[in-house]
Amino acid sequence: MDQKFPDSFKFGAATASYQIEGGWNADGKGEHIWDRLSHTPGKIRDNATGDIAANSYEKWREDVRVASEMGLQFYRFSISWPRILPTGFPNKFSKAGAKYYSDLIDGLLAEGIEPVVTLFHWELPVKMQDMGGWTNPLIVDWFGNYARIVYSLYADRVKTWLTINEANVVCDIAYNIGAYAPAIKEPDYAPYICNKHIMLAHARAYRIFDQEFRHKHSGRVSLANNLMWIEPSSPKYEKLAELARENMGGRYTHPILSKNGGWPPAYEKAMLKYSLEQGETESRLPHFTKEEQEYVKGTADFYGFNYYTTNMIRPAKPGEHPGQWFVSGTTELNAVLEQPPNAYYGALKGLPVYPEGLRKQMVWLKEQYGDIDMMITECGYSSIGYQLDDYERSDFFHEHLEQILLSIKLDNISVIGFTVWSLIDNFEWLNGYYIKFGLYEVDFEDPERKRTPRASALYYECMIKSRSLNNSCLDQFVVAKQQ
Ligand code: PNW
């Protein structure tokens with residue numbers, strides 16, 4: 001097999017605003033739900049906050065420098081909604097906030113790095129949360145108005161847009177477990193209500209781009225879904241596994257990519273059945289009207305998804321508690337997850353490493369939704385502590401890139417990009433600064449927040465140069481280190 005990545009395939013890396021920026025109240029930035037959560041004692045490991053983080057609000061030139069050092073073809077970052085609109089609404093506009101992203105975009109373009117911009121990576125303005133957040137249908141308007149302002153600022157220079165990062169984390173993890181902001185545990189209704197509104201909000205942002213900006217500025221719009229591949233623990237559980245896939249990813253993909261739109265039919269049917277059994281008068285998964293279904297359908301110019309892990313699924317035994325976030329809320333699945341055989345682990349035990357799952361996931365997507373360009377918008381390996389010799393991380397990326405190459409060459413899947421999570425160490429949500437994902441280490445003790453390349457950064461730089469799996473990017477660095 002030819003070991004070369006096609007020219008259409010691009011190598012990048014990602015971050016998210018709250019995780020790197022700091023400047024939490026600089027230049028009039030408004031408060032969002034992760035500011036509020038991290039400022040509440042006892043919610044985040046070591047009571048860490050994103051108040052300073054990697055201080056990219058001041059040190060963004062360093063981020064551009066390291067991205068350029070590795071030869072990244074694109075850099076995916078996100079925009080903090082209340083940094084541009086302090087209340088979330090258009091009544092207040094922060095010129096300084098808007099300038100921050102404008103400068104970053106110009107800085108990237110000057111280095112030949114394409115900006116890939118996420119509109120929403122979880123920073124909902126508190127005012128909106130206090131009015132119900134993603135469970136209030138008006139959020140579709142609120143998000144659309146925000147998206148329009150962002151496009152009008154940057155669509156002249158930004159050509160790839162991701163509306164929402166991991167809608168299932170926003171709707172399912174958050175409300176099922178109640179630990180992620182807004183820290184409300186309401187597993188029965190909120191995930192499904194949120195699910196419907198977030199699809200409509202994504203579609204609104206897509207349609208606004210399509211109708212108001214595409215003719216002036218070319219560009220492509222998608223979202224970044226979080227997909228965990230799910231295998232049945234035994235072939236006899238394939239039907240359960242399929243329902244679980246629809247529950248986790250299908251609910252956020254089928255409305256957009258399927259031929260008819262709407263919820264995945266088998267899942268919709270199952271939810272109606274469960275809901276009626278539970279004494280409801282209608283499904284807990286809210287219905288799309290015909291118009292809404294049409295409105296959401298087709299709102300992706302390519303398909304963006306984050307891939308970290310694979311899990312096995314089997315029915316729960318009597319008395320056994322359903323495991324993990326995406327089954328814990330849906331007691332109706334009544335299933336537990338198991339670790340895949342031969343998986344290995346980074347620091348996060350909830351994310352078994354299983355590179356083959358990435359290829360299986362893409363084959364499934366192609367079977368379900370047909371040919372569409374796919375972009376892996378995040379993939380990353382967790383570690384603990386200050387350590388530059390992260391050879392496991394390089395292995396991790398090499399194994400995932402191998403699966404991508406197999407998909408391109410053998411499954412005929414059009415993979416247009418791979419995005420490392422993350423460019424630099426950052427605020428890892430509930431885990432604070434304890435867990436690291438960066439290609440570059442950030443010294444959080446240092447007021448300068450110095451960035452230093454890990455072995456994996458040198459590996460990635462080598463891969464980007466060679467654009468081939470058949471090389472010595474892994475070995476070369478070991479030799480260099482030993483000298
Ligand atoms: C992603 N899962 O979240 C987020 O987009 C990043 O902001 C975050 O830092 C990164 O992963 C590492 O945690 C995920 O359960 C949340 O499979 C959950 C899962 C995967 C990714």
Exercise. Evaluate the following for N412: is it within 16 Å of the ligand (Cβ to nearest atom) and either modelled with pLDDT under 95 or out of contact with any Pro (no Cβ under 8 Å at 6 or more places or on another chain) (or both)?
Key: no
Quiz item: Going by the structure shown, is F396 within 26 Å of I256 (Cα to Cα) and within 16 Å of the ligand (Cβ to nearest atom)?
Solution: no
Quiz item: Which residue, of E231, E238, E166, E186, is among the acidic types (D, E) and touching a Phe, Trp or Tyr at 6+ places or on another chain (Cβ under 6 Å)?
Solution: E186
Quiz item: Taking segment 155-211 as the search range and keeping residues that are in a helix (DSSP H, G or I) and hydroxyl-bearing (S, T, Y), which one is nearest to the ligand (Cβ to nearest atom)?
Solution: Y175
Self-check item: One residue from D130, D141 being among the charged types (D, E, K, R) and without any contact (Cβ under 8 Å) to a residue 40 or more places away in the chain
Solution: D130
Quiz item: Going by the conditions given, is A347 part of a loop (DSSP other than H, G, I, E, B) and within 16 Å of the ligand (Cβ to nearest atom)?
Solution: yes
Quiz item: Out of all the residues in segment 1-21, which are more than 16 Å from A181 (Cβ to Cβ), surrounded by 22 or more Cβ atoms within 10 Å (Cβ to Cβ) and either in contact with a Pro (Cβ under 9 Å, 6 or more places away or on another chain) or of a type in the set (G, A, S) (or both)?
Solution: G12, A13, A14
Quiz item: Here are some conditions: (1) on the phi > 0 side of the Ramachandran plot; (2) of a type in the set (F, W, Y); (3) away from the ligand (no atom under 16 Å from the Cβ). W429 meets all but one. Which one does it not meet?
Solution: (3)
Quiz prompt | Given (1) part of a helix (DSSP H, G or I); (2) away from the ligand (no atom under 16 Å from the Cβ); (3) touching a residue at least 60 places away in the same chain (Cβ under 8 Å); (4) of a type outside the set (V, I, T), index of the condition H217 fails | solution = (1)
Quiz prompt | Any hit, segment 31-43, residues being out of contact with any Cys (no Cβ under 7 Å at 6 or more places or on another chain), assigned to a helix (DSSP H, G or I), more than 16 Å from the ligand (Cβ to nearest atom) and touching a residue at least 24 places away in the same chain (Cβ under 8 Å) | solution = yes
Self-check item: Unmet criterion (only one of (1) within 16 Å of the ligand (Cβ to nearest atom); (2) in contact with a strand residue (DSSP E or B) (Cβ under 8 Å, 6 or more places away or on another chain); (3) more than 18 Å from Y307 (Cα to Cα)) for F444
Solution: (2)
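The values are calculated or read from the model by the stated rules, or taken from the named source; none is laboratory data. Values in this document were obtained by computation on a predicted structure and should not be read as measured data. Glycine gets a Cβ as well: all are built from the backbone with ideal geometry, and neighbour counts include every protein chain shown.
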